[in-house]
Amino acid sequence: MGFAPGGWGRDMLAATGLTVAIAACGFLTSVLLGALGAAALLSHLSILRAAGRLYTTVLRGIPDLLVIYLFYFGSSQLLALLSGGSGGFVGAPSFLTGVLAIGVVAGAYQAQIFRGAVQALSRGEIEAARAYGMSPVTLFRRIVLPQAVRHAIPGSGNIWQLVLKESALISVIGLVELMRQAQIGAGSTRQPFSFFLTAAALYLVITFLSGIAFRSLEARATRGIRKAV
Amino acid sequence: MAERIPEPVPAVALSGIRKSYGSVEVLHGVSLAAHEGEVISILGSSGSGKSTLLRCVNMLEVPNDGTVAIQGEEIRIDRRAGRPPRPSDAAQVQRLRSRAAMVFQSFNLWSHLTILENIIEAPVHVQGRDRKDCIAEGEALLERVGIAAKRNFYPAHLSGGQQQRAAIARALAMHPAIMLFDEPTSALDPELVGEVLKVMRDLAAEGRTMLVVTHEMAFARDVSTRTVFLHKGVIEEEGSSADVFARPHSERFRQFLARA
Amino acid sequence: MAERIPEPVPAVALSGIRKSYGSVEVLHGVSLAAHEGEVISILGSSGSGKSTLLRCVNMLEVPNDGTVAIQGEEIRIDRRAGRPPRPSDAAQVQRLRSRAAMVFQSFNLWSHLTILENIIEAPVHVQGRDRKDCIAEGEALLERVGIAAKRNFYPAHLSGGQQQRAAIARALAMHPAIMLFDEPTSALDPELVGEVLKVMRDLAAEGRTMLVVTHEMAFARDVSTRTVFLHKGVIEEEGSSADVFARPHSERFRQFLARA
Amino acid sequence: MDTSFLASSLATLVKGIPLTVQLSMISVSVGAILAFGLALMRVSGNAALDLSARAYIFVYRGTPLLVQIYIIYYGLSQFPALRHSFAWPYLREAYWCAVIALALNTAAYSAEIIRGGILSVNAGQVEAARACGMSQALMFRRIVLPQALRHMLPAYGNEVILMIKSTALASTITLMDVTGIAAKLVSESYRPIEVFTMAGAIYLLLTFIASHGFSLFEHAVTPDRRQPAPHRPAEPPETLQHG
Amino acid sequence: EEQTVRIATEGAYAPWNFSAPNGTLQGFEMDLAKVLCERMSVRCEIVAQNWDGIIPALTARKYDAIMAAVSVTPKRQEVIAFSKPYAAGINGFAVLADSPLANMPGTGESYSLDTQETAAKARIAEMAKVMKGTATGVQGSTTASTFMDTYFNGVVNLKEYKSTEEHNFDLMNGRLDAVLANATVLAAALEKPDMKGAKLSGPLFSGGVFGVIAVGLRKEDAELKAKFDAAITSAVADGTVRDLSMKWFKVDVSPRS
Ligand SMILES: Nc1ncnc2c1ncn2[C@@H]1O[C@H](COP(=O)(O)OP(=O)(O)OP(=O)(O)O)[C@@H](O)[C@H]1O
Ligand SMILES: Nc1ncnc2c1ncn2[C@@H]1O[C@H](COP(=O)(O)OP(=O)(O)OP(=O)(O)O)[C@@H](O)[C@H]1O
Ligand SMILES: [Mg+2]
Ligand SMILES: [Mg+2]
């Protein structure tokens, strides 16, 4: 390890950066899809409910690697088909496909978490918002979201951790993120321990920093709430 | 006969309202019209369906049968068989709701917002009014109900009576044409009850239509123009307040008055 | 002088109770003793600290200063500097609490239990009584407050008044020596108010000690043995109910009575 | 698609199901018990307990499960003292290493979920329990946990599903679970898409059973979210009770 | 104009192919790739790719060739094409020096499963007697695992690992009695201090299931295959491959043809 020429520090840090970038974009995607998924699960239209259930069951159910493969090879086949030729590799950019694949999988988990968070809300307060003429969008934005955040944060924090680790799977489509860099280092120097421990430490640093963010979010979301325990 | 004289459009018109929870019907066809500027007291014993009736007016409960019209506009309800009834046109319901403010029996203040934020929430985000104006008005309202000092508190940190007053202020801030009050003075001490009833009397004088579920006989008799007595989901007695209290027709209502 | 006559031990003795939320003190040294069989009404305007005082009796709020004794046993409080005060002996508090049942202003029925389950919960699991007996008794209590038909409903499916009656039944099922009522009739119609006050009168006759926060002047005057008027966290008036209503000393209380 | 290849892969992969199911069930149950303890430590209000639980959760959520498995399986065996201790007969076995690693990992995630459930219980509900003299433990058991459970089920369902899928990492330490067999099939056939699709179908089936079980359970414990049942099963008639 | 050929490698299989810090790829195959590209007069671009996705990405045209110590097997040949071999797969067992397996029959010898099959099988039969019931580790999805499945099926308790380091760990801490792996990789590992006390035991095997190592190509790229074939043939013939092999492995792995 270390930053001297011939040290692996710089590579590990660069890979950490990529990991954070993939995870952050994937997480944002998952929040978006999760919100839509939860809306579908809670909808009074049975067709939307069924769609929500299908989404969460299938994407939570199949191995994530398979989803990534399908996104990557599937999308390149699709692009090749669209561009009409069978020339070279029509690459959907790896980063984008990776982020989408991760976001779609994690979104299925988020959907369940958001559903639970919404169902834990006080019915009375939602009714009050309805009674004051809020549209579903306003209701969601002004009342449901800020309160659901409170219930959703611990679960969502888990999903963030999941996404962070999941980003390691992206290496199969050619991106050198932290875990792949550790494997490269381990295989090249034949010293797996130092590389995996360094990777673990770097993951911990990310967790530590993101933990601060989550805690301040949680503190904000629980303003004015009397704690039960 | 009087064909040329146009009937004034009622602010709220309920007709033949039936409402069931599961297989139990709690409203058995209630009809009621409130004209502009009328104050209607809804009396009745606990569990008689008063809250349910009030909640049918703004579609928090969708009646299984019957119609609701707000200022002449009938709310369209989708009652296809095999599923619970619901409004066909969500936008219509939102529009009509923003003209009818409600004070809930259990207050239902938004727990993540301070009292002042609770009050300006709907005016700013539903009615799209200017935030600054709303704050100024909200503070004036809080002053009026005597909890200005608590404006930056969260609901969980208020006493019951303070919460109820905040809920009343929240409804007033909407400048609604129609007000639905569900026992708005239940948590207040007698002094404050007097205050709040005075506020309601002023609102009545301004010509707002009010439906008030109440246990305050004095209010029903002296302030409201009309009194309705609900019993087991049926209107047992209805008429001008003066009449009803002076000459009650229904045996049940006579009993109710006697015990009060 | 009267050294030989033992002073009866008060069922509840509060002395010098101070309570602050953050930097705001809401009780400024309240002392109050309730002897066995006494019914004390606590009057006061909204926000004067009535609920807070009641909650200090069973340590839901731990006073920042002063002592609380239940049936002669003083609750030990750990008031080390730099952190909020709390009871030193959790077991003691639990024991004393199980002798003092409370009806909350906002009912606080357990939402995951049916009404009957709510009622038998504490008798079975805290007092360790026989489940069958408790069910039989619980059903009798529900009958008495008029909601026997709702025994298998969840609280969310009850009207406000029904919830309040369930909360009263839940407290009664504990056979407590001391009862703490926080506005137990606020959600009830006048008929039921009469019923519930009758129940409370019976309890008083049985010799239970009661502290009742109420806005019902009639109850304070006619049923309670003593009346306390709280104003801004201080007891402004205290005495036998007959005296207090006939010859109020405090100017503030006179005003309160006048406006009621 | 080569259906006969798919069928023969499926037949081989099915042999891995018992191991996958065993690993999931044992680690989820052990993990749940640990998680419960950790969550209690988190909300105990005792600074020392809270901090140690937090540190545990921080480390276990913060590092990849693969690394954890790696450290438990290869790392611990680096210490000769351990190799000569009573624990070695267990730690020697990849099976127990996998169970330990998976259980410790899910404990950290589940603890956060349980904590979230506990925190979402309304303060009034707890006050009512305190007011009637419930001990802390009784209150937890009778009031807080049943309500917390309702709120946390969706997130916990997620965690169990994740766990079922995470058992796949056991294949990295020589265990032949569904994934281990799949990897072997891929290396023999070089048809990853087909093999992984079949393996995926197996995982989908397992997770579907789990998520369906969770929906049923959630439905069963939330009668208060629905309209009251019109006709409850009749209580035994009065005469019978006396008879 | 010069044609560009993109070659994928794993970059984590020292000393065949591995990365230096900052990502530059090195090793036997990297040196060889340079030689081959010169002889084919094409411009080469080398990319690192995780082993797990290395063949699918080739067929998806992400790159044109693989040089990542890929052995030629019939199954792989169903999916992709291979050039002429540039190395032979030579495998051997490593055991602890103080174990009963320390001096298995045939230590120091080497057998080709192609040309000396009967003799090799005789040796294997003798070894099977000693190794019966022992725990043996191999890297999964490699020719080593195929060899064990073919010749030691049911004899030893076979365990599959993700990498050779991992089975080496378990050899050192006593979970395994023996490992079978590519001799070049084992030899490199045995030089490290943490494998002190381990040694090669029994004969080295080549040919047969170990087959040969060649450039992986898409089946339809016949023209590119022809170019690689020509370049490899010349590099083997003039001893370049042998020189590179001696430089990186200290043994000659160049294919005998
Ligand atoms: N958790 C809290 N944090 C801060 N202030 C509080 C909190 N609880 C109560 N207060 C304040 O303490 C004062 C007394 O409250 P309390 O609930 O005792 O009033 P009350 O006499 O019961 O009034 P009401 O009749 O309206 O119920 C009020 O001004 C209230 O705003
Ligand atoms: N969600 C529900 N599910 C089932 N039954 C309900 C539900 N809501 C109300 N009810 C029942 O409907 C009846 C009428 O309730 P409602 O709340 O309208 O009474 P109310 O007249 O307002 O009584 P109160 O004066 O006690 O508030 C009650 O018997 C109640 O139990
Ligand atoms: Mg009501
Ligand atoms: Mg109060």
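What to note about this one:
- The listed residue being closer than 26 Å to B:T214 by Cβ and in contact with a Gly (Cβ under 9 Å, 6 or more places away or on another chain), out of B:I120, B:I75, B:I115: B:I115
- Hits in segment C:154-193 (condition: part of a loop (DSSP other than H, G, I, E, B), closer than 21 Å to B:D189 by Cβ and within 12 Å of the chain's Cα centre (by Cα)): C:E183, C:P184
- Of the strands (runs of 3 or more DSSP E) that lie entirely inside segment E:33-104, those containing 2 or more residues that are touching a strand residue (DSSP E or B) at 6+ places or on another chain (Cβ under 7 Å), within 11 Å of another protein chain (Cβ to nearest Cβ) and touching a residue at least 24 places away in the same chain (Cβ under 8 Å) span E:43-48.
- Note on segment E:162-257: enclosed strands (runs of 3 or more DSSP E) holding 1 or more residues that are under 23 Å from E:V72 (Cα atoms) and among the polar types (S, T, N, Q) are E:178-182, E:198-206.
- A search for C-beta distances below 8 Å between a residue of segment C:152-168 that is within 17 Å of B:T52 (Cβ to Cβ) and more than 8 Å from ligand 2 (Cβ to nearest atom) and any residue that is assigned to a helix (DSSP H, G or I) and not aliphatic (A, V, I, L, M), counting only pairs 6+ apart in sequence or on different chains, returns C:Y154/D:P223; C:Y154/D:D224; C:P155/C:N118; C:P155/C:Q163; C:P155/D:D224.
- Of all the criteria given as (1) touching a residue at least 24 places away in the same chain (Cβ under 8 Å); (2) within 15 Å of the chain's Cα centre (by Cα); (3) more than 14 Å from every other protein chain (Cβ to nearest Cβ); (4) more than 16 Å from ligand 2 (Cβ to nearest atom), the one not satisfied by B:A33 is (1).
- Meets criteria (closer than 30 Å to C:L172 by Cα, among the charged types (D, E, K, R) and part of a helix (DSSP H, G or I)) for C:R252: no
Rundown of residues vs (1) under 22 Å from C:V213 (Cα atoms); (2) modelled with pLDDT of 90 or more; (3) within 14 Å of another protein chain (Cβ to nearest Cβ); (4) away from ligand 2 (no atom under 16 Å from the Cβ), yes/no style:
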| site | (1), (2), (3), (4) |
| --- | --- |
| C:M1 | no, no, no, yes |
| C:R4 | no, no, no, yes |
| C:P10 | yes, yes, no, yes |
| C:G29 | yes, yes, no, yes |
| C:G49 | yes, yes, yes, yes |
| C:V62 | yes, yes, yes, yes |
| C:I70 | yes, yes, yes, yes |
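Each row is one residue, and each column tells you yes or no for (1) over 30 Å from C:R165 (Cβ atoms); (2) without any contact (Cβ under 8 Å) to a residue 40 or more places away in the chain.
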position: C:G72; (1), (2): yes, no
position: C:D78; (1), (2): yes, yes
position: C:L96; (1), (2): no, yes
position: C:A100; (1), (2): no, no
position: C:W110; (1), (2): no, no
position: C:A122; (1), (2): no, no
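- Subset of segment E:18-32 [within 9 Å of chain A (Cβ to nearest Cβ) and buried (at least 22 other Cβ atoms within 10 Å of the Cβ)]: E:F18, E:S19, E:G27
- For segment A:195-229, the set of residues classified as within 14 Å of chain B (Cβ to nearest Cβ) and surrounded by 12 or more Cβ atoms within 10 Å (Cβ to Cβ) consists of A:L217, A:E218, A:R220, A:A221, A:T222, A:R223, A:G224, A:I225, A:R226, A:K227, A:A228, listed by residue number.
- Residues that are under 18 Å from the mean Cα position of the chain (by Cα) and on the phi > 0 side of the Ramachandran plot within segment E:4-56 comprise E:G11, E:G27, listed in sequence order.
- Considering residues of segment B:216-245 that are aromatic (F, W, Y) and part of a helix (DSSP H, G or I) only, the residue surrounded by the fewest Cβ atoms within 10 Å (Cβ to Cβ): B:F245
Yes/no per residue for (1) under 20 Å from A:L162 (Cβ atoms); (2) buried (at least 22 other Cβ atoms within 10 Å of the Cβ); (3) within 13 Å of chain C (Cβ to nearest Cβ); (4) touching a Leu at 6+ places or on another chain (Cβ under 6 Å):
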{"residue": "D:V126", "(1), (2), (3), (4)": "no, yes, yes, no"}
{"residue": "D:L145", "(1), (2), (3), (4)": "no, no, yes, no"}
{"residue": "D:A148", "(1), (2), (3), (4)": "no, yes, yes, no"}
{"residue": "D:T167", "(1), (2), (3), (4)": "yes, yes, no, yes"}
{"residue": "D:V186", "(1), (2), (3), (4)": "no, yes, no, no"}
{"residue": "D:I193", "(1), (2), (3), (4)": "no, no, no, no"}
{"residue": "D:L204", "(1), (2), (3), (4)": "yes, no, no, no"}
{"residue": "D:H212", "(1), (2), (3), (4)": "no, no, no, no"}
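- The residues of segment C:194-215 that are more than 16 Å from ligand 4 (Cβ to nearest atom) and either modelled with pLDDT of 90 or more or part of a loop (DSSP other than H, G, I, E, B) (or both), listed by number, are C:E206, C:G207, C:R208, C:T209, C:M210.
- Flag if E:I7 is more than 13 Å from chain A (Cβ to nearest Cβ), within 22 Å of E:A81 (Cβ to Cβ), crowded, with 18+ Cβ neighbours inside 10 Å and not basic (K, R): yes
The values are calculated or read from the model by the stated rules, or taken from the named source; none is laboratory data. For clarity, every value in this text was computed on a predicted model and none was experimentally measured. Cβ: placed from backbone, ideal geometry, glycine included. Neighbour counts: every protein chain shown.
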